[in-house]
Amino acid sequence: MSNLMPLILEHLMIVLIAASISVVIGVVLGILSYWMNYLDKAILWTAEIIQTIPNLALLAILMILFGLGNVTIIAALVLYALLPIVRNTYIGLKSVPIYLKDAARGMGMSKLQRLMKVELPLSFPLIFSGIKIAVVNSLSIAVMGVLIGAGGLGYPIYRGIQTNSMERILIGAIPVVLMALLLDYLMTKVEKRLVHKGSVN
Amino acid sequence: MIKFENVSKSYGESKVLKGLSFQIKQGDFVVLIGPSGCGKTTTLKTINRLIQPDSGKILIDGKDSAQLNPVELRRSIGYVIQQIGLFPNMTVEENIAVVPKLLNYPKEKWQPIVKELLTLVGMPYEENAHKYPSELSGGQQQRIGVLRALAASPPIVLMDEPFGALDPITRESLQEEVRRIQKKLKKTIVFVTHDMDEALKMADVIVFMSGGKILQMASPEEMLQHPADPLISEFMGKHRSALSVNAAMSAAEFMKTRVLKAARSMQTLQSIELMRNRDVNSMIVLNDDDTYAGTVSLDTIKSHGKAGRAIGEFMETTVPTVNLKEDARDTFEKLYTSPAGYVVVLNDDMTVAGLITKTSMAKAMGDALWGEMIS
């Protein structure tokens with residue numbers, strides 16, 4: 001067990017770094033597709049197409065670009081996480097009621113002020129649930145990292161497969177499942193606290 | 001002062017505004033009214049440039065609004081919308097302070113404004129400032145909506161059907177509050193509604209629009225007395241007849257004409273049967289030449305009548321009669337003193353025209369006051 005802890009931490013690290021990067025890129029892309037009507041289809045389609053590329057193929061392509069190691073798996077996770085985040089940001093911003101956007105405009109808010117003061121705060125619950133989906137997905141996809149020489153819990157699982165050892169597979173898989181459940185639980189709690197009062201009713 | 005000069009706007013083929021020209025004086029409460037699709041909301045939104053006109057000019061205090069920065073212009077004009085539109089992610093205090101904050105007022109300046117405004121509508125600061133909109137009732141929310149529009153002391157406030165979604169009682173109290181605030185703070189208010197009651201109650205000037213044009217712009221009094229178009233009279237229908245209550249009304253307008261009549265020679269049992277069938281307890285007795293003779297009720301037949309006697313022998317003549325053209329007020333007095341609770345209305349040749357009962361009188365008064373009622 002003692003040599004499992006560094007693997008768990010590394011796994012978590014990979015996922016969290018990837019998540020942070022994808023949140024930044026995803027929300028920005030979501031805002032851009034909301035602002036620029038002609039861009040929204042292109043951005044959402046691209047994110048969807050990325051989502052359909054098989055893990056193995058995407059890793060292989062990225063490996064050519066980034067070589068072996070954690071950077072490649074992080075890049076892959078970022079790409080996979082984009083769709084739920086971009087889409088939820090876009091839908092969230094779109095679904096802020098027209099009358100609130102009108103009110104904000106009528107009060108004399110600039111486009112950026114409307115976004116920061118009204119539209120983003122109101123679509124936050126949806127954006128956050130997109131992030132949650134992305135993080136939980138990333139935890140399991142990150143296991144694939146072992147194929148391109150990245151660290152994390154993919155290693156014990158891979159060894160387990162090679163040695164036909166169920167025990168080893170479980171030693172790798174169970175922490176992944178537990179982390180996924182724990183993160184989902186924690187993020188749901190945070191979500192509820194944030195949504196508590198200031199929601200559109 | 002707001003001045004429209006030949007302002008037009010179309011969406012594709014449909015012309016929403018057709019060359020509007022009019023002026024709104026400083027400090028006036030102006031109500032834009034008309035059937036839906038008449039362009040009243042569009043007109044309102046061109047003032048703060050939420051909608052850009054295709055042609056024409058809108059001058060605000062002499063300045064062409066198209067030359068002003070739209071964002072700054074909107075900060076200097078209050079805006080209240082029908083859906084209230086409080087920002088649900090902000091507290092009451094933050095909502096009211098939206099525009100002052102956009103104008104970079106320091107907290108020492110905007111917080112006293114919030115307190116003062118909340119006091120103005122009787123919502124104490126301590127209790128309400130830190131609530132979220134969802135914790136308030138609809139009426140309270142729209143009070144905050146109005147306060148938000150007033151917070152940066154704009155000289156002009158635009159209100160787009162602000163009370164349309166409220167229940168009648170709340171609406172009435174908010175109407176009074178807004179009128180009071182307007183008088184106190186001397187704002188120019190442009191107010192859109194489709195409710196003539198509201199327009200008559202609030203307006204200094206009513207602008208009646210239809211099909212993107214102004215049909216009439218006048219004071220409520222003037223518009224009631226001299227509506228410039230049949231559509232306006234129709235819109236004001238019930239209010240105009242309320243005026244005509246003062247005009248001479250005659251007994252004829254209050255009477256019901258379906259009354260039970262019988263010749264004086266009719267016999268007791270037959271007349272009882274007739275009254276029972278019609279579910280009434282009295283009827284009018286006529287002479288042979290159809291002129292009015294008297295009345296007879298079930299009670300009198302029971303106490304005086306024997307089977308086989310003619311009703312003419314014991315009919316009563318105490319029920320007051322009025323002529324068809326008798327003044328409504330005199331008729332009303334007779335009705336009130338009538339022992340039988342009704343009066344008989346006679347034509348000039350003394351034949352019976354109808355009856356006025358307390359019910360028919362009340363219904364006719366109701367119709368006159370509130371428009372034709374469902375009977």
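The figures follow:
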quantity	calculated
Any pair with Cβ under 7 angstrom, 6 or more apart, that starts in the range B:225-238 at a residue that is more than 11 Å from B:F208 (Cβ to Cβ) and ends at one that is at pLDDT below 85	B:G237/B:G371; B:K238/B:W370; B:K238/B:G371
Failed condition for A:A57, given (1) within 14 Å of chain B (Cβ to nearest Cβ); (2) surrounded by fewer than 15 Cβ atoms within 10 Å (Cβ to Cβ); (3) over 27 Å from B:A149 (Cβ atoms)	(1)
Condition check for B:N323: over 17 Å from B:Y342 (Cα atoms) and modelled with pLDDT of 85 or more	no
Exclusive hit being more than 21 Å from A:A173 (Cα to Cα), open to solvent by 70 Å² or more (accessible area, probe 1.4 Å) and under 12 Å from the mean Cα position of the chain (by Cα), set A:V24, A:V86	A:V24
Members of the range A:97-123 that are open to solvent by 10 Å² or more (accessible area, probe 1.4 Å), facing chain B (nearest Cβ under 10 Å) and aliphatic (A, V, I, L, M)	A:I98, A:L120, A:L122
Candidate set: the range A:61-78, residues that are surrounded by fewer than 20 Cβ atoms within 10 Å (Cβ to Cβ) and touching a residue at least 12 places away in the same chain (Cβ under 8 Å); chosen: the one nearest to the chain's Cα centre (by Cα)	A:A75
Qualifying residues in the range B:172-202 (those that are aliphatic (A, V, I, L, M) and open to solvent by 30 Å² or more (accessible area, probe 1.4 Å)) - the one nearest to the chain's Cα centre (by Cα)	B:L200
Spans of helices (runs of 4 or more DSSP H) in the range B:249-350 with at least 3 residues surrounded by fewer than 16 Cβ atoms within 10 Å (Cβ to Cβ) and either of a type in the set (S, T, Y) or under 39 Å from the mean Cα position of the chain (by Cα) (or both)	B:328-337
Failed item, numbered, when B:L120 is tested on (1) within 12 Å of another protein chain (Cβ to nearest Cβ); (2) of a type outside the set (K, R); (3) within 32 Å of the chain's Cα centre (by Cα)	(1)
Number of the exception - A:G92 against (1) within 14 Å of chain B (Cβ to nearest Cβ); (2) over 12 Å from the mean Cα position of the chain (by Cα); (3) more than 18 Å from B:K101 (Cβ to Cβ); (4) open to solvent by 20 Å² or more (accessible area, probe 1.4 Å)	(4)
Residue tally, condition farther than 28 Å from A:A173 by Cα, in contact (Cβ under 8 Å) with a residue 24 or more places away in the chain and exposed (fewer than 15 other Cβ atoms within 10 Å of the Cβ), over the range A:27-49	1
Unique match (being in contact with a strand residue (DSSP E or B) (Cβ under 6 Å, 6 or more places away or on another chain), more than 8 Å from chain A (Cβ to nearest Cβ) and either open to solvent by 20 Å² or more (accessible area, probe 1.4 Å) or of a type in the set (S, T, Y) (or both)) among B:D61, B:D54	B:D54
Members of the range B:64-73 found to be farther than 18 Å from B:M159 by Cβ and at the interface with chain A (Cβ under 9 Å from one of its Cβ atoms), listed by number	B:P70, B:V71, B:E72
Residue within the range B:171-185 that is free of Cβ contacts under 8 Å to residues at least 40 places away in the same chain, of a type outside the set (D, E) and touching a Ser or Thr at 6+ places or on another chain (Cβ under 9 Å) present	yes
Matching residues in the range B:124-138 - criterion: being of a type outside the set (S, T, Y), open to solvent by 10 Å² or more (accessible area, probe 1.4 Å) and more than 13 Å from chain A (Cβ to nearest Cβ)	B:P124, B:E126, B:E127
Some residue of the range B:74-85 being within 14 Å of chain A (Cβ to nearest Cβ), touching a Lys or Arg at 6+ places or on another chain (Cβ under 8 Å) and without any contact (Cβ under 8 Å) to a residue 60 or more places away in the chain	yes
Matching residues, the range B:216-227, being surrounded by 19 or more Cβ atoms within 10 Å (Cβ to Cβ) and among the aliphatic types (A, V, I, L, M)	B:M223, B:L224
Any hit, the range A:175-185, residues being open to solvent by 70 Å² or more (accessible area, probe 1.4 Å) and in contact (Cβ under 8 Å) with a residue 12 or more places away in the chain	no
Residue match in the range B:85-98 (condition: over 19 Å from B:F191 (Cβ atoms), open to solvent by 40 Å² or more (accessible area, probe 1.4 Å) and not hydroxyl-bearing (S, T, Y))	yes
Subset of the range B:156-171 (residues that are more than 10 Å from chain A (Cβ to nearest Cβ) and surrounded by 17 or more Cβ atoms within 10 Å (Cβ to Cβ))	B:I156, B:V157, B:M159, B:E161, B:P162, B:F163, B:L166, B:T170, B:R171
The listed residue being within 30 Å of A:I64 (Cβ to Cβ), surrounded by fewer than 19 Cβ atoms within 10 Å (Cβ to Cβ) and touching a helix residue (DSSP H, G or I) at 6+ places or on another chain (Cβ under 6 Å), out of A:G160, A:G130, A:G149, A:G145	A:G160
Selection within the range B:290-340 - in contact with a helix residue (DSSP H, G or I) (Cβ under 6 Å, 6 or more places away or on another chain) and of a type in the set (G, A, S)	B:G305, B:A307
Looking only at the range B:31-51, and only at residues there that are of a type in the set (G, A, S) and surrounded by 15 or more Cβ atoms within 10 Å (Cβ to Cβ), the one that is farthest from the other protein chains (Cβ to nearest Cβ)	B:G34
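The values are calculated or read from the model by the stated rules, or taken from the named source; none is laboratory data. Predicted model, so just to flag it, every value in this text is computed and none were measured. Cβ coordinates were reconstructed from backbone atoms using ideal geometry, including for glycine residues, and neighbour counts include every protein chain displayed. When the accessible area is computed, the model is the full protein with side chains, heavy atoms only, and any ligands, DNA or RNA have been set aside. Shrake-Rupley method; radii C 1.70, N 1.55, O 1.52, S 1.80 Å.
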